[in-house]
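Participant: What follows is a single structure, and I will ask about it in a moment.
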Amino acid sequence: VGAVESRGSAWERLVAKAQREDVLAAAITAVAILLFAGIGMKVVPRAVYALMESHGGVDRVASTALLLNVALLLFSWRRYKDAIAERSRRVEAEERAEILSSRDQLTNLLVLNSISDTGNRTIEEARAQGQQVAMLVVNLDRFKNINDVYGHIAGDAVLRAVSDAIISTVPPEALCARIGADEFAVIFPFCESARETVADIAEHIVFRLREPVEINGVHVHGSASIGISRTGRDCGTIEGLLRRANIAMHTAKEIGADRAIWFDTSMESVLRARNEIESGLRRGVPLGEFVPYFQPQVDIDTGDICGLEALARWNHPAGGVVGPDLFIPVAEETGMIGDMFESVFRQALLEARLWDPSLILSVNVSPGQLKDPWLSHRILKVLTEVSFPPERLEIEITESSLFENLAVAQTIVTSLKNQGVRLALDDFGTGYSSLAHLRALPFDRIKIDRSFVQNMLKDPQSLAIVSAVTAMSRSLSVPVTAEGVEDGETLRMLREVGCDKAQGWHFGRPRSAEETRLILDAKGLLKQGLAPPSDETTITLGLDVGRAA
Ligand SMILES: [Mg+2]
């Protein structure tokens with residue numbers, strides 16, 4: 001923007017200078033004409049008289065002035081013509097620059113800035129004819145991969161092919177623009193009775209963009225997601241259409257990409273809620289609003305607490321305690337997961353330092369975090385800062401996150417293991433991990449997903465899976481924790497199949513740090529000499545929102 005502004009003011013200065021020069025040249029010409037008229041009226045009659053009467057007395061000074069005046073007149077006239085020519089050249093250059101800036105150089109489509117005026121005119125004209133205007137926002141799926149794998153020249157070729165495919169699919173009167181690196185907008189009028197035509201066009205674009213593009217003998221496959229919006233009572237500008245089509249396009253991506261969907265007002269409220277969570281994260285993480293809650297993990301044989309799992313909760317200033325299902329996906333999407341995790345992790349470690357040294361602290365790492373190659377460094381840095389023994393920390397990784405990126409996960413896990421941190425495979429049975437995964441990563445524990453544990457009494461298949469996983473783990477010498485134990489009967493069954501640890505509401509829901517401290521103190525599981533704060537004598541049995549094992 002700064003560059004555009006400074007370019008704008010430079011241009012204005014240039015135009016002002018040119019105008020000053022024009023005025024100056026015109027003024028000199030005018031003065032020269034007046035002088036010529038003045039001097040000429042005196043000198044010419046005398047000269048004529050002198051010639052006719054052979055009178056030798058022509059005023060030398062006056063005739064020299066007249067000659068000089070003629071020269072000045074010629075000079076200023078020439079200058080004036082030059083200035084005019086220069087100005088028309090400038091105007092031409094300006095027009096050329098305007099055309100260049102309104103067109104995308106790669107695809108020759110319009111650019112974002114230039115569709116606003118033209119598009120709003122299209123809306124006005126359509127309204128006058130009783131028609132509506134549709135906008136499609138076309139975004140290529142995973143276009144960055146194409147650039148990364150085949151290079152930018154291939155990427156440009158794909159963009160040109162996409163632009164050609166769009167132009168050949170949309171109605172001839174449609175305005176097409178490239179509005180982002182891999183994003184296009186199409187605007188065209190349509191009759192209310194032909195609403196399906198709009199969807200058909202969008203579907204056809206999706207279909208066309210699935211076709212591979214051949215670049216240097218290689219077939220590059222791609223796809224696109226399209227959001228569709230249309231003018232209506234509450235949407236009558238290009239900006240409004242663009243915003244709605246964009247929301248629909250993002251929704252299309254979220255539900256699996258490679259499709260076209262119409263904007264729906266419910267999408268807006270989802271987006272608003274998401275934005276509220278995002279601003280809540282930005283505000284709340286530094287304020288320590290995101291805190292660990294702790295749920296006990298119990299030895300099935302002895303009934304003793306052997307560890308606690310830290311579960312992130314949001315102490316919302318207005319909305320009470322919010323569960324992680326709401327904020328973790330947004331934190332991952334916005335890249336704030338790292339900061340949020342570090343804040344909660346640090347608080348959990350500080351709290352766990354107060355517990356009996358025999359208690360293990362389990363911490364969940366989300367799938368998004370496992371894509372961060374620096375994750376192990378971050379974890380180890382906090383461990384060192386808080387001086388927490390690594391062997392008391394157990395990192396829980398879900399199966400699905402392993403499947404997404406085994407190579408990076410392996411590096412992270414190896415570096416954590418080398419420092420003595422334990423490793424648990426979380427939610428086992430819900431993802432895609434194979435025995436190969438179990439062998440590839442040195443897990444210290446497997447946690448059977450609650451869906452099997454909770455159904456094992458009434459569903460023989462779930463029971464079979466729990467028994468099989470337990471048997472397999474025993475032969476691999478990896479202990480098993482059952483998640484989601486809610487009653488004594490399930491616990492008895494788990495003891496029978498040979499499961500060694502359990503976690504769930506039967507033993508306690510996730511509780512705040514203060515409540516956990518009281519529970520541990522009652523069992524003599526706080527570090528020697530540590531007493532809980534004196535003003536807290538009761539445990540409030542508040543209901544948890546969100547996930548609890
Ligand atoms: Mg877990």
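The values are calculated or read from the model by the stated rules, or taken from the named source; none is laboratory data. Values in this document were obtained by computation on a predicted structure and should not be read as measured data. Positions of Cβ are generated from backbone atoms using ideal geometry, with glycine treated the same way; all protein chains shown enter the neighbour counts. SASA here: full protein model, heavy atoms, side chains in, ligands and nucleic acids out. Shrake-Rupley method; radii C 1.70, N 1.55, O 1.52, S 1.80 Å.
Participant: Can you give the Rg to Rh ratio for the range 123-203, taking only C-alpha atoms and Rh from Kirkwood?
Facilitator: Values: Rg = 15.0 Å, Rh = 13.9 Å.
Rg divided by Rh gives 1.08.
Participant: While we're on this one: So what are the ³J(HN,Hα) numbers for the range 277-291, from phi and the Karplus equation (6.51, -1.76, 1.60; θ = phi - 60°), rounded to whole Hz, Gly and Pro as x?
Facilitator: 5, 4, 5, x, 5, 4, 7, x, 4, x, 7, x, 6, 8, 10
Participant: Report the antiparallel proportion of the DSSP beta bridges in the chain as a percent, rounded to a multiple of 5.
Facilitator: Working: 42 of 69 bridges.
Looking only at bridges with both residues in the chain, the antiparallel portion is about 60 percent.
Participant: Can I ask one more? Over the Cα atoms, compute the radius of gyration (one decimal) and Dmax (the largest Cα-Cα distance, rounded to a whole number) for the range 326-417, in Å.
Facilitator: 13.1, 37
Participant: Estimate the FRET efficiency between ALA522 and ASN315 by the formula 1/(1 + (r/R0)^6), using the beta-carbon distance for r and 30 Å for R0, to the nearest 0.05. Show your work: numbers first, answer last.
Facilitator: Working: r = 24 Å, r/R0 = 0.80.
The calculated FRET efficiency here is 0.80.
Participant: Still on this structure: Along its principal axes, what span do the Cα atoms of the range 209-322 show, with the longest given first and each in whole Å?
Facilitator: Here the Cα extents, ordered largest to smallest, are 64, 47, 25 Å.
Participant: Taking just the alpha-carbon atoms of the range 249-294, what radius of gyration and Dmax come out, in angstrom?
Facilitator: Gyration radius and largest Cα-Cα distance of the range 249-294: 15.1, 43 Å.
Participant: Taking a ≥ b ≥ c as the square roots of the eigenvalues of the Cα gyration tensor of the range 65-153, is the shape rounded (a/c under 1.5), prolate (a/b larger than b/c) or oblate? Walk me through the intermediate numbers first.
Facilitator: Numbers: a/c = 9.12, a/b = 2.08, b/c = 4.39.
Oblate shape, in that a/c is at least 1.5 and b/c is the bigger or equal ratio.
Participant: Right, next: Which whole-percent values make up P(r) of the chain when all C-alpha to C-alpha distances are grouped in 20 Å steps starting at zero?
Facilitator: 16, 32, 25, 14, 7, 4, 2, 0
Participant: Are there any GluC sites (Glu not before Pro) in the range 138-194 that are in a DSSP loop and have at most 14 other Cβ atoms within 10 Å? List them by number. Each step should come with its number before you reach the end.
Facilitator: Working: sites: GLU173, GLU183, GLU192; in loops: GLU173.
Of the GluC sites (Glu not before Pro), the ones in loops of the range 138-194 whose Cβ has at most 14 other Cβ atoms within 10 Å are GLU173.
Participant: Which links in LYS458/LYS501; LYS417/LYS458; LYS253/LYS381 stretch past 30 Å when you go from one Cα to the other?
Facilitator: On the way: LYS458/LYS501 21 Å; LYS417/LYS458 39 Å; LYS253/LYS381 36 Å.
In this structure, LYS417/LYS458; LYS253/LYS381 lie more than 30 Å apart at Cα.
Participant: Next up: Show that you can apply the helix-only estimate: for the chain, add -39,500 (n - 2.57) for every DSSP H stretch of four or more residues, divide by all residues, and state [θ] at 222 nm to the nearest 500.
Facilitator: Numbers: 18 runs with 296 residues, N = 549.
Helices in the chain give a 222 nm mean residue ellipticity of -18000 deg cm²/dmol.
Participant: For a Förster distance of 60 Å, can you work out the FRET efficiency between the beta-carbons of ALA407 and ARG20, rounded to the nearest 0.05? Spell out each step's value before the answer.
Facilitator: Details: r = 67 Å, r/R0 = 1.12.
The computed FRET efficiency comes out at 0.35.
Participant: Under the Kirkwood approximation applied to all pairs of distinct alpha-carbon atoms, what is the hydrodynamic radius of the range 383-509 in Å? Kindly include the intermediate steps, with their values, before the conclusion.
Facilitator: Details: mean 1/r = 0.0655 Å⁻¹.
Every distinct Cα pair counted, the radius reaches 15.3 Å.
Participant: Taking Rh as the Kirkwood radius computed over C-alpha pairs, what is the Stokes-Einstein D of the range 153-288 at 4 °C in a medium of viscosity 1.567 mPa s, expressed in µm² per second?
Facilitator: Diffusion coefficient, whole number: 78 µm²/s.
Participant: Now a separate question. I'd like the carbon and sulfur percentage of the solvent accessible area for the chain, probe radius 1.4 Å, heavy atoms only, ligands and nucleic acids excluded.
Facilitator: Numbers: 16380 of 28890 Å².
After summing per-atom areas, the C and S share lands at 57 percent.
Participant: What Kirkwood hydrodynamic radius do you get for the range 62-105 when you take the inverse of the mean 1/r over all pairs of distinct Cα atoms, in Å?
Facilitator: Working: mean 1/r = 0.0765 Å⁻¹.
Taking every pair of different Cα atoms in the range 62-105, averaging 1/r and inverting gives 13.1 Å.
Participant: Rounded if a/c is under 1.5, else prolate if a/b beats b/c, else oblate: with a ≥ b ≥ c from the C-alpha gyration tensor eigenvalues square-rooted, which is the range 448-535? Write down the numbers at each step before the final one.
Facilitator: Details: a/c = 3.46, a/b = 2.14, b/c = 1.61.
Verdict is prolate for the range 448-535.
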